Amino acid sequence: MFLRLLKDALWRRKGRAAITLLCVVAGLTLAVALLSIAADVSEKMSRELRSYGANVALIPQSEEVTLEIGGVNYTPPSEAHYIDERELVKVKTIFWRNNILGLAPFLGSPVFLGPERRLVVLTGTWFDKELTLPVGATIRSTFAEQIKIREAIAFRAGVKSVAPWWKVTGQWPEEASLDTALVGATLARREGLRLGDILPLEYEGRRAQLRVVGLLTTGGLEDDQVIVPLPVAQRLLGLTYGVNRVMVSATVLPKEKLASDIRYKRPEDMTPKEYEKWYCSPVVEAVAKQLEEAIPGSQAQPILQVAQAEGAFLLKLEWLMVLITFFALLASSLGVMATVNTTVLERRKEIGLMKALGASNSQVAALFLAETGIIALLGGSLGFGLGAFLARILGEGVFGLAIATDLSLFLVALLLALAVSLVGSGLPLRQISRLEPVGLLRGQ
Amino acid sequence: MASPGMVDVRGLTKRYGDTCALEDVSLSVAPGEWLVVMGPSGSGKTTFLNIVGCLDQPTEGIVTVDGKDVSHLSPREMGRFRRETIGLIFQQFHLIPYLNSLENVMLAQYFHSMADEAEARDALVRVGLGDRLRHLPSQLSGGEQQRVCIARALINSPKILLADEPSGNLDRRNEEMVMGLLSQRHREGYTLIMVTHNPEIAQLADRLVNFDHGHLVSEKRNHLGQATLQRPG
């Protein structure tokens, strides 16, 4: 009997059921799309944000005060400490190695330009170099365990991986070239340098003749510098393998994502268990700590303003998505409420009759709940499909990311749809419980 | 001391705001008795029926049905009591338009306990609708719809039948048929309270009470009880 009543109620009010379905589908589509994006966006946006610069700086470990202005070390090479560039491949041995998206070493120093011996800043770096962690190298597999790799790990490093906004007019220098250079656009303008010109550089009696192959625009200090392949700078400064700064770009999560018991605790104050939990969390401090452990003679400094700004941005983004999802579902519930309310008004005489025949409020309410429940399940399923599609479109169109909707969200979608129908039916059901059969049978 | 009635009403008053629909009405209906309530429109007879049928509550007074004081029941208790004890027959039939005859009868079973198709079919056969089981109300005549309504009222074996102008919308032939059915139920021992404007129908009952402006103004025991309606000519 119940099913018969249900079938008739749905069939006879197809239009009304379709409107209710539309409300649920609209809300659920948006909710599923935003939840899919929110589930993926932290990691992917973090990766995206990495294109705005490195978030960890490695500098040589030293107890001495170094003289550094504008990222250039003015300490004489003979007195300075350096990181060995050959160790940099070890960034791929840390626990969070897959989160390392790029790194670039820098060796900077003032040198003399031309016969007038004007002081300019020379910076050596990698542009796009392939590094390989060889077979048998030891990597950290868990907090307490290290294993030897059976296959070599190859990856690319250089400024192209940490500073994709560098714009070169002309060509990038060859990585192995010893006589080519990029000149910052500002410096080129000031010195009247053009592509193909020869730059005579000199440092402590060592000379280099470099051909300008590209003009560099970064919007930063590099616009006033000469940028060369790392070996050129090392040879001119009389160093082998030394670099004085390594910028690392790693995907990290905001500190606020850490468990509350360790979120604001300093690592040195943590219990061993807490430290392990912190160490195995992809927050910038933990990644920096692991880099410091992996690269001998280095000291890692998280670039906190970048990390914190990113963290705040990602959290706000997530909150925004949660809020929009909430309001979408609320709007959906209000839509359901309006249609169920109208249905109750249309069927009030029928409800009155049922009550006159002895139907309890719960028996009548069960009919309406089952009706909206069926619509909700159908709407939840359709909303899931459309939401997954919308997430893909939004992901590609707005974020430039390929977003895949997790199938486990299907269950969440059904539960949310049921919640929407329940909230939407709340007030109308209250109205049902207040309807008195005597008035309804009289047509009042 | 008189034996307790199926319905005992003492000092029943019902007000709707400033309007007094019933005032200080007292009467008893014995088990198995057929009582007819008459009176002009607005005299309070339907209000009386609604209160006895637990569809409404008195403002003052005590109403006892089948030994239970129903004057102060909660809506939930009224619903439960209604489905266990009372069968309702309406002037407007009040059938669910999208359910066929059988399903309309089964609906009352469903709200009472459990729908039983065989039992519902028997009830419809007893009111002469064995060939109209799958017909929708819109496919039935007024008399047939009222017979479905009677079958629905009887399906849960109520202790008392309340009928509000059951033949008010019927032609003479259907009226006879419906009254014949109700007379038969009365002979089977049902207590029957019926509101009507028709004095001929009132002749069928054991007792007739008249309401006017909310007061019980007269009462007459009918010695012609169990007569049958005769078509004129």
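The values are calculated or read from the model by the stated rules, or taken from the named source; none is laboratory data. None of the values given here were measured: they were computed from a predicted structure. Please note: Cβ atoms are built from the backbone with ideal geometry, for glycine as well, and neighbour counts cover all protein chains shown.
Observations on the structure shown:
- Answer residue from segment B:107-134, given it is within 11 Å of chain A (Cβ to nearest Cβ) and under 23 Å from B:H186 (Cα atoms) and is surrounded by the fewest Cβ atoms within 10 Å (Cβ to Cβ) among those: B:H112
- Residue match in segment B:164-172 (condition: touching a Pro at 6+ places or on another chain (Cβ under 9 Å), more than 13 Å from chain A (Cβ to nearest Cβ) and buried (at least 19 other Cβ atoms within 10 Å of the Cβ)): no
- Residue check for B:I89: aliphatic (A, V, I, L, M), in contact with a Lys or Arg (Cβ under 9 Å, 6 or more places away or on another chain), under 30 Å from B:C20 (Cβ atoms) and within 14 Å of another protein chain (Cβ to nearest Cβ): yes
- Filter result for A:E274 (more than 14 Å from chain B (Cβ to nearest Cβ), of a type outside the set (A, V, I, L, M, F, W, C), in a helix (DSSP H, G or I) and in contact with a strand residue (DSSP E or B) (Cβ under 7 Å, 6 or more places away or on another chain)): no
- Positions within segment B:43-86 being over 17 Å from B:N156 (Cβ atoms), of a type in the set (A, V, I, L, M) and either in a loop (DSSP other than H, G, I, E, B) or within 11 Å of chain A (Cβ to nearest Cβ) (or both), in sequence order: B:L49, B:I51, B:V70, B:L73
- Criterion (free of Cβ contacts under 8 Å to residues at least 40 places away in the same chain, more than 30 Å from A:T343 (Cβ to Cβ) and in the same structural domain as A:G352 (by TED's automatic domain parsing)) met by exactly one of A:R434, A:R392, A:R430: A:R392
For every residue, the table says whether it meets (1) surrounded by 15 or more Cβ atoms within 10 Å (Cβ to Cβ); (2) closer than 26 Å to A:N98 by Cα.
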{"position": "A:P229", "(1), (2)": "yes, no"}
{"position": "A:R235", "(1), (2)": "yes, no"}
{"position": "A:T240", "(1), (2)": "no, no"}
{"position": "A:V246", "(1), (2)": "yes, yes"}
{"position": "A:T251", "(1), (2)": "yes, yes"}
{"position": "A:P254", "(1), (2)": "yes, yes"}
{"position": "A:K257", "(1), (2)": "yes, yes"}
{"position": "A:M270", "(1), (2)": "yes, yes"}
{"position": "A:K277", "(1), (2)": "yes, yes"}
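- Hey, A:A419 crowded, with 18+ Cβ neighbours inside 10 Å, more than 14 Å from chain B (Cβ to nearest Cβ), assigned to a helix (DSSP H, G or I) and modelled with pLDDT of 80 or more or not: no
- Residue pairs meeting the criteria (Cβ under 6 Å; at least 6 apart or on separate chains; first closer than 21 Å to B:I160 by Cα, in segment B:132-150; second among the small types (G, A, S)): B:V148/B:S101
- Residues satisfying the stated conditions in segment A:4-24, i.e. within 25 Å of B:A115 (Cα to Cα) and more than 11 Å from chain B (Cβ to nearest Cβ): A:L6, A:L10
- Evaluated against (1) within 30 Å of B:L133 (Cα to Cα); (2) in contact with a strand residue (DSSP E or B) (Cβ under 8 Å, 6 or more places away or on another chain); (3) surrounded by fewer than 21 Cβ atoms within 10 Å (Cβ to Cβ), B:S71 falls short on exactly one condition, (1).
- Listed by position, the strands (runs of 3 or more DSSP E) enclosed by segment A:125-231 that each have at least 2 residues that are within 30 Å of A:K289 (Cβ to Cβ) are A:129-133, A:138-140, A:146-148, A:153-157.
- Test: residue in segment A:378-392 that is closer than 17 Å to A:T20 by Cβ and within 14 Å of chain B (Cβ to nearest Cβ): no
- Selection count, segment B:87-105, where residues are part of a helix (DSSP H, G or I) and either touching a residue at least 40 places away in the same chain (Cβ under 8 Å) or of a type in the set (G, A, S) (or both): 3
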